[in-house]
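**Q** Have a look at this one.
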Amino acid sequence: MFFAMGILMWLLAVSLGSESGFECVQEWSSSFFAKFIYWGILTALAYHLLGGLRHLVMDLGFWEEIQSGNSSAQITIALTIVLSVLAGVWLW
Amino acid sequence: MVTNAGTLGRSGVHDFVLIRASALVLTAYAIFMVCFFVCTPQVTYAEWVGLFSQTWVKVFTLITLISLLVHAWIGLWQVLTDYVKPVAVRISLQFILNIAALAYLVTGIVVLWGV
């Protein structure tokens, strides 16, 4: 996630810097390699974000039993896969 | 009470609150960005600059970068104190990674300044 932010900040700086920079980023972004990187970042973000939301719910005192904890974890992973597939569809 | 110089919060409870508060800001920004890209399938340079030239987007982005610094700083401290026991390695990693997170924030300020 940390290195992903490095890449995204770099892309932001270049794309906002100048029109030619923007076209350069747009050009690079259409390559398979770039889309794979975007997809990796989005999947990592989805997993991290959903896991975090689950932790917020656990802070409120829910999902603390063995059964509810286990099932909420599995739902989180399932949702991550769904979002990852959606990101893939959107990218390609 | 255990006081620690490596993390960001004044106490463990302060870390707990900071990391969750920053997480909410980051989540809001993530949703905002996804909505933007979904709603504008073909982003042009004009639209892209138009987005970031708006003051409220600049403020939102910079608050998000500050939240990212806080979130990453505390999160990385927790990960490193769990897994990297040798002190010299841990503190140099913390130093490098926190500087990098700070660099992301400053990059955001410098870039958005000119838009």
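The values are calculated or read from the model by the stated rules, or taken from the named source; none is laboratory data. Owing to the predicted nature of the structure, the values given are computational and were not obtained by experimental measurement. Neighbour counts are summed over all protein chains in view; Cβ atoms, including those assigned to glycine, are modelled from backbone coordinates with ideal geometry. The protein model used for the area step is the full one, side chains on, heavy atoms only, and it has no ligands, DNA or RNA in it. Shrake-Rupley method; radii C 1.70, N 1.55, O 1.52, S 1.80 Å.
**Q** So, of the residues in segment B:50-59 that are exposed (fewer than 15 other Cβ atoms within 10 Å of the Cβ) and either in a helix (DSSP H, G or I) or small (Gly, Ala, Ser) (or both), which turns out to be nearest to the other protein chains (Cβ to nearest Cβ)?
**A** Among them, the one singled out is B:53.
**Q** Please enumerate the residues belonging to segment B:74-115 that are outside any helix (DSSP H, G or I), closer than 30 Å to residue A:17 by Cα and in contact with a Lys or Arg (Cβ under 9 Å, 6 or more places away or on another chain).
**A** Passing the criteria: only B:115.
**Q** I'm checking my understanding of the structure. Among residues of segment B:34-46 that are surrounded by 11 or more Cβ atoms within 10 Å (Cβ to Cβ) and more than 10 Å from chain A (Cβ to nearest Cβ), which one is nearest to residue A:26 (Cα to Cα)?
**A** Among those that are surrounded by 11 or more Cβ atoms within 10 Å (Cβ to Cβ) and more than 10 Å from chain A (Cβ to nearest Cβ), it is B:40.
**Q** Does residue A:27 satisfy being open to solvent by 90 Å² or more (accessible area, probe 1.4 Å) and either at positive phi or not in a helix (DSSP H, G or I) (or both)?
**A** no
**Q** Given the conditions (1) within 12 Å of the chain's Cα centre (by Cα); (2) at the interface with chain A (Cβ under 8 Å from one of its Cβ atoms), and given that residue B:111 satisfies all but one, which numbered condition is not satisfied?
**A** Answer for residue B:111: the failing condition is (1).
**Q** If you check A:21, A:40, A:61, which single one turns out to be within 23 Å of residue B:58 (Cβ to Cβ) and surrounded by fewer than 16 Cβ atoms within 10 Å (Cβ to Cβ)?
**A** Just one listed residue meets the conditions, A:21.
**Q** Being within 11 Å of chain B (Cβ to nearest Cβ) and either open to solvent by 70 Å² or more (accessible area, probe 1.4 Å) or closer than 20 Å to residue B:43 by Cα (or both) narrows it down to one of A:12, A:45, so name that one.
**A** Just a single option satisfies the conditions, and that option is A:12.
**Q** Name the single residue, out of those in segment A:42-92 being touching a Leu at 6+ places or on another chain (Cβ under 8 Å) and not aliphatic (A, V, I, L, M), that is farthest from residue B:22 (Cα to Cα).
**A** Residue satisfying both the conditions and the ranking: A:84.
**Q** Tell me, please, whether a residue that is open to solvent by 40 Å² or more (accessible area, probe 1.4 Å), of a type in the set (Ser, Thr, Tyr) and not in a helix (DSSP H, G or I) can be found in segment B:7-28.
**A** Checked against the condition, which is being open to solvent by 40 Å² or more (accessible area, probe 1.4 Å), of a type in the set (Ser, Thr, Tyr) and not in a helix (DSSP H, G or I), segment B:7-28 yields no hits at all.
**Q** Please go through segment B:61-108 and give me each residue that is facing another protein chain (nearest Cβ under 8 Å) and open to solvent by less than 20 Å² (accessible area, probe 1.4 Å), ordered by number.
**A** Scanning segment B:61-108 gives B:72, B:101, B:108.
**Q** Looking at segment B:11-19, can you tell me whether even one residue there is at the interface with chain A (Cβ under 10 Å from one of its Cβ atoms), within 20 Å of residue A:7 (Cβ to Cβ) and in contact with a helix residue (DSSP H, G or I) (Cβ under 7 Å, 6 or more places away or on another chain)?
**A** no
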